[in-house]
Structures are given as C-alpha cells and as structure tokens.
Amino acid sequence: MSNIIQLLPDAIANQIAAGEVIQRPASIVKELMENALDAQAKDIKLIVKNAGRTLVQVIDDGEGMSPEDARMSFEKHATSKIKNIDDLFSIITKGFRGEALASIAAIAQVELKTRQDGEPLGVQINIEGSKIEKQEPCQSPKGTSIAVKNIFYNVPARRNFLKSDNVETKHIIDEFFRIALPHPEVAFSLIINGHEMYHVKPGNLRQRISALFGDKYNDRLVPIKEETDVVSIGGYIGKPDSAKKTRGEQYIFVNKRFIKSNYLNHAIFKAYEDVVTKDKFPFFVLFMEIDPARIDINVHPSKHEIKFDEERLIYTFVNAASRHGLAQYSVTPTLDFDQEDSLNQMGTFGQKDKNYDPNKSAMSLSKTDFPFSAKNKQAGDKSNLGDWQELYKINTDPDSQSLAQQVSQMNQELPLEQEARHQTLKEKLSGPYQIHAKYILSPIKSGYIVFDQNAMHQCILFERYLHTLSAGDQLSQKQLFPQNIDLPPQDAAIMREILPEINNLGFVISEFGANSFVIHSFPADIDYSNERQIIDEFIEQFKTGTGLGKFSRRENVAKSLSFTTAIKAGKVLSALEMQNLIDELFACENPNKAPNGRKTFVKYAIEDLEKAFDK
C-alpha cells in the first residue's frame, strides 16, 4: 500500500495555526498593541477601517527593529522573550510565543515599517500569504508601524463568519480598553474610519478610567488596595448605585495582563450581594500583582486564561479586599478587617483549606440574626406562635367592622362621601389588585391571571414604538431650556448611528461637537424629569441588544426605549391604571411575551387553587 501521511505545506500549516490566534480583527489589535508595549512605546496609535476588515494599523514610538529582526519576526515561534524552558515561568512581557505575526501574515496582507533610534534609515517589508513580497530600506520615524490589510482575504470561509461592523467594532474597542487601562502612563489613540474616537493622555489610573468611560465615573469609584507577602491587589470598584444590568465593565488584570475568570468575577460579585440585586453587575478595574512563578499563562494562545497555584485562597483574598473597600466607604455593613480570616489565610499560602467553600460568604451571619431560624421552628414547637399571630392576627376589636359591614354602613352616610367610599370599596372587591408593587392580579371566570407589570408594559411600548418608527407620527414636547449632554466616545458613536430612529420616536436631538448632543424635545408620553438618566439607560440597553442577531437596528431601538421607559417594579398603580395596562396588553399583536422573551402574564385555573387547599 502507498503511504498517505505527508507534511503540510507551510502556507496551509500557518493558516491552520492562525485559526487559534486570530479569530477576528480584534485579535490582531490585541497582538499588535501588546507588541508595541513590549517595545517600550509611550505613544500608540490604532487606526481601523471598516471594522478591521480592510485595515488594522498600529503605529508606535517604541524601540523599533533592525532589518534582520524585522524579517525574522514573521517566522513561526520567533521571539525575543524566552531563551529556555525556565523563562516560561518568569514572563513579564505581553507576548512570548512567537506566533502572532506569523499567524497574521498567513491570513492578511501586511506592511511593516520600522526604524531603531540612531539609524538613518528604517526597513519596509511587505508580506502576503506568509510570503515576503518586498524588503527595502525606507524613511521612517523611530518605532514601528504595522498595517494589516484585507483580513482573511485568502480564507473566504473565515471572512464570511465575521459579524456585522457594529459587533466587530465593539470587539476592537473592548481590546483597546483592555490594553489602555493597565498602562495609564502611555498615550493611546483610536481612529475609526477617519474619526478619532479616543485620545487618552498619560496620567494616573483614575484619570484613565474617566477618559475611557466618561467623567461621570469619577464620582462612582471606590479605591481598593490590599497586600500580602504573596499577592497584592489595587484599583477601583464601583459604588453599588452604579451597577448596571449589563456585563462588560468588569476588568481583572494579573501582572497588567487582562484575564477572563468567572471564578474571580464571582468573588467580587459576592462582595456586593447585600447591596446590589442579582440582575445587576458592578463596575471594577482591579490589578493583581503576583510572582510569575506562581501562575501559568501559557494555557491558550490568547493568554486570557490563567492558572493560579492556590486559586481558592486567591478567591478569598479578592472577595475580602472588595468587601473591605465597600465597608470603608460605608456602603456595606462595617466589618473588622483586622480580624478577617480571609486575608490572614494568605500567610499560609501553599496549604490546602479543607473547609473552603467559594459559594459561602467569608463572613457568616449568626443564626441569632434570624428570629425564625430553623432550630426554633421544630414540628409542634409553639415558641414563636405569638410572633406569627402578631403578624397575621385577626382584628377582634368589637368596634372593628368587616368589609361587608362597611359597605352596609355607606347607605347611611352623606351622599358625596358615600359615593366616594363606595367607589373605593368597589375597586377593592372587583380588582385588579397589585401585589408587592410588582405584579397585577386579575380575577377571571375560570380562575385568575397574574401579570408582571414591568414585562407587560415593555410589550405594550415595544409595539407602540415599532408602529411609530414606521408611521413617524409621535408627538414631541419641547423643552423650555434645551439640555447639552456629553457622552463617552463609544456611546457618542452609538448615538450618532441611531439618531434618525431616535428622532422618529419623538425626540429632537442634534449633534453639538465631537461627543456632545443637544436635547430639544422628548416624546410626549415620556416623563423627562431626568433626561440624562433616560439617555444613558437607553444607550446601555441598545449596547446590550446589539449583536444578538434577533433584532434589526430599528427593532433594537424600539426594544431599548421600551425597557428604559417601562413601568418598573416598585411603582404603585391605581386600579384604573392597572386595568388600562391589561386592556392595552391584550390589544397587542403578541401579548404573551416581552421583547426579551419574558412572560407578561401567567394564567391559573380555579381548580389549581382548590387542589392547593385539598378541595
């Protein structure tokens, strides 16, 4: 039989390897910007066109490369970062695997220009499909410029799997943030399609956060700083009232390298569990410093995953540091941090903690904090009977009257007072009823229906806004004094993109400078007592829905505004308001679900209720 196993040609092997390293244009952004930082650059410029499909270019003022190093840098596993196996366990640079440039050159057209300080000329290298097409001396400023053009031009199937421009641009901005946040001493610029979206100057971390996320974050930050012999943590977490219903503003860095860790995220979320509802996510930018020998970053080519020697103790340390920061700023119950075991455990780093449970808070509440604890409510135990009777006591005051007696007495009262009280009691008797300012209960012949007041209103508004976007007949209410708002660059870009749809919904908003807008009018049916809050929440909702693929841009605008302006849980409604909501819901084309798929109501049969009472 003939032999069938053969070595793959270099071009094919490089394309296969590139699949692990380069998933999308944002992967190129990450690799090139990290190379610039490793070259000691102090000013890094990122230029992107068409969401990175046609161009991703990084220009830096770093050390530059010699002609020989420039050519060698595109060879697979060519690196200046490691010399032997021991170097893998003491890495402090961003890159070290020597795969990035080789992988990029395999699936794109690359132009490199670089010059070292003191050299009269630099070198230009053009590569296409891993083949060097040209290498020649050139005039070039000190540093390096790498332009990556037409990503996946020779792998059409991979190019077809790229998402929309909005989604790919969002991934690029995410990588830009992950690189810029841990290096506030470096200047960064991001230019997208000729528009400078970000230009952040050197400064401290707080200034960097404000420059990237907006000035409003400056007052929302709680500083964190804790240290042990093994690990230290610093940075900022957000105050509880700044938590959002969307993820995306959670950043953890280890030795200035961004990592993804649901485990450590949970440690921080756990610190907020008593001050933030479960459907919201706090902001944090935290930096951990640890001996490189105690971690393994060579888990995946992206280097976003990391392994710790003692992951459980790291979890405890991060959780305790977060709670300490919150407690110092009087946003959680005060605790004696000096007595906190979680930090003291770090002194025994390397020893297993057999009793550790990441699902338990590091501080346990005493059972005496709960008067109806399990041990006090054994079967037949009547020790707490008085408490329960007090809670659910029946009024036995002989002067008290039943509801029926009150109705009977109304006939003997003055006509006007009689009519008013009769209407009130009639509403109580006939429903609908509000439960905990969250749900609406409405009796029907076959049983009863329970509505989620927030979800049902979202459903109503979503269909109303969709109709308005099609018909363009929304009324506006003009503001006496137009309001200027400044948005973070990323939010300003979204606002510019969806401004036509917003104005069709009854807003009148116009651009006023790079990232500024003027609000002239609001839709007539929206309470605009806090214009900025409505706009911020609306944009946040839009960002959440972008890229899910289920909604068109117009539908996402309608959905986002409906979520922003819908009646929230906690809003007390009159019987008339509740009935109007019910009537409007059942006039909808699809009354069963809100735009995000949540049920608007649940129907219960009277038979189910009777079964519950053993009837």
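Just so it is clear, none of the values below were taken in a lab; they were calculated from the coordinates. Remember, predicted model here, so these are calculated numbers, not experimental data. For neighbour counting, all protein chains shown are included, and Cβ atoms are generated from backbone atoms with ideal geometry for every residue, glycine included.
Details
- Of the GluC sites (Glu not before Pro) in the stretch 127-191, those whose Cβ has at most 13 other Cβ within 10 Å and which sit in DSSP loop: GLU185
- Taking other C-beta atoms within 10 Å as the exposure proxy, ILE132, ILE125 rank ILE132, ILE125 from fewest upward.
- Residues SER470, SER242 arranged by fewest to most Cβ contacts within 10 Å: SER470, SER242
- Given R0 = 56 Å, the distance between the Cβ atoms of LYS149 and ALA569 translates into a calculated FRET efficiency of 0.65.
- Residue-span extension gain [ARG532 to ASN590] - 0.36 nm each, minus C-alpha spacing: 17.7 nm
- Of the chymotrypsin sites (Phe, Trp or Tyr not before Pro) in the stretch 139-220, those whose Cβ has at most 16 other Cβ within 10 Å and which sit in DSSP loop: TYR153, PHE161
- Centroid-to-centroid separation of the stretch 208-234 and the stretch 448-473 [C-alpha atoms, Å]: 40
- Cross-link check: pairs LYS225/LYS270; LYS170/LYS571; LYS278/LYS559; LYS239/LYS278; LYS244/LYS543 evaluated at a Cα-Cα cut-off of 24 Å; pairs beyond the cut-off: LYS170/LYS571.
- Sites THR54 and ASP215 - FRET efficiency at Förster radius 41 Å, r taken between beta-carbons, to 0.05: 0.75
- Qualifying GluC sites (Glu not before Pro) in the stretch 214-304, DSSP loop, other Cβ atoms within 10 Å at most 14: GLU273
- From most to least packed by mean Cβ count within 10 Å, the peptides 597-609, 554-566, 306-318 give 554-566, 306-318, 597-609.
- GLU185-ARG247 pseudo-label distance in nm [points 7 Å out on the Cα-to-Cβ vector]: 3.3
- Gain in span if fully extended, GLU136 to GLU311, counting 0.36 nm per residue against the direct Cα distance: 58.0 nm
- As a calculated quantity, the FRET efficiency between SER66 and ASP291 at R0 = 22 Å, using C-beta atoms, amounts to about 0.10.
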